[in-house]
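The values are calculated or read from the model by the stated rules, or taken from the named source; none is laboratory data. The model shown is predicted, which means the values in this text are computed figures rather than measured ones. Cβ coordinates were reconstructed from backbone atoms using ideal geometry, including for glycine residues, and neighbour counts include every protein chain displayed.
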């Protein structure tokens with residue numbers, strides 16, 4: 001079916017999108033997504049625009065419709081939000097909240113001091129966000145450290161959950177059976193190809209908590225079959241010496257989340273009430289040296305961070321005083337979205353007609369003002 005027929009009524013036409021609302025600065029933010037950095041001209045607010053070619057969605061219309069439906073429902077402080085949706089003949093454009101603080105592991109490595117209490121606060125934020133999703137009838141299904149980003153570079157920045165490509169809206173108590181997720185974080189019932197529910201997210205949070213306290217995953221094997229066997233049996237250990245300085249309360253918390261039986265496994269509500277989260281059992285001892293060493297050893301350097309440093313871009317833009325510079329506009333450069341828009345399309349600086357009716361080209365006098373990544 002035509003994708004435009006399947007999109008929710010809140011999406012907007014490309015005429016609105018290309019009528020000078022956003023200025024574009026970078027061709028890519030991520031290594032795997034076609035995403036551009038943009039500034040909303042009226043507010044100067046930075047956003048990330050996910051550009052999705054419709055050709056790539058042929059036969060997958062239901063998948064993108066699901067992702068958009070999920071994102072549009074979500075309004076939570078710890079979840080990356082979908083601001084707007086635009087559509088052209090060839091592409092969809094998802095205007096997303098921009099997070100610029102970097103990935104979870106990178107921040108831990110950069111810290112000089114890191115404790116169980118730090119890990120507990122992180123997990124509490126994740127639990128709050130996932131509880132919200134579950135209360136909304138949404139299962140994320142792909143929770144992992146790579147999908148946890150800091151909102152800003154501030155020391156006390158909140159953590160944000162991103163990437164809802166595998167999320168699913170379900171009715172209360174309903175089950176799913178599609179095998180999906182990242183192997184090291186996926187629950188046993190998913191690998192066993194059994195019907196599963198919201199409990200799969202709680203398992204993944206347990207795996208994340210485990211890694212945050214030791215720096216390595218609870219399940220690992222070069223052979224996928226052996227890895228799956230470990231997960232199916234829920235076989236993991238709190239190895240010495242890495243867990244010697246970790247509290248019994250933290251281990252108890254993980255055991256309740258990484259419970260093989262999904263019916264016995266902690267829910268988000270139960271996990272939030274555990275003393276390691278709600279009480280004062282999380283230790284203050286500095287475990288940074290051992291945890292960061294294991295993270296460096298067991299997890300490759302962030303591809304996201306290699307591809308994009310949003311903070312540097314913000315500094316660059318402020319330095320140039322984009323949009324208000326007395327030196328006049330920057331030279332017109334090829335748009336990072338050039339391949340996503342029909343030939344001749346561009347976005348105006350001074351504002352062009354938003355009326356796309358009558359066959360008139362609303363972009364006849366419009367150009368993008370872009371700053372390629374090499375200049376940042």
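Observations
- Criterion: surrounded by 19 or more Cβ atoms within 10 Å (Cβ to Cβ) and outside any helix (DSSP H, G or I) - qualifying residue of 259, 189, 237: 259
- Residue in the range 208-223 that is assigned to a loop (DSSP other than H, G, I, E, B), exposed (fewer than 15 other Cβ atoms within 10 Å of the Cβ), on the phi > 0 side of the Ramachandran plot and assigned by TED's automatic domain parsing to the domain that holds residue 127 present: no
- Among the residues making up the range 63-122, a single one is touching a helix residue (DSSP H, G or I) at 6+ places or on another chain (Cβ under 7 Å) and free of Cβ contacts under 8 Å to residues at least 40 places away in the same chain: 82.
- Single condition residue 231 does not satisfy, out of (1) more than 30 Å from residue 35 (Cβ to Cβ); (2) modelled with pLDDT of 95 or more; (3) surrounded by 18 or more Cβ atoms within 10 Å (Cβ to Cβ): (2)
- One residue from 126, 211, 138 being modelled with pLDDT of 95 or more and in contact with a strand residue (DSSP E or B) (Cβ under 8 Å, 6 or more places away or on another chain): 126
- Remark: residue 196 falls outside the filter, which requires a residue to be modelled with pLDDT of 90 or more, buried (at least 18 other Cβ atoms within 10 Å of the Cβ) and either touching a helix residue (DSSP H, G or I) at 6+ places or on another chain (Cβ under 6 Å) or in the same structural domain as residue 256 (by TED's automatic domain parsing) (or both).
- Residues of the range 262-276 satisfying the condition of being assigned to a helix (DSSP H, G or I) and surrounded by fewer than 20 Cβ atoms within 10 Å (Cβ to Cβ): 269, 270, 272, 275
- Check on residue 280, assigned to a loop (DSSP other than H, G, I, E, B) and under 28 Å from residue 101 (Cα atoms): yes
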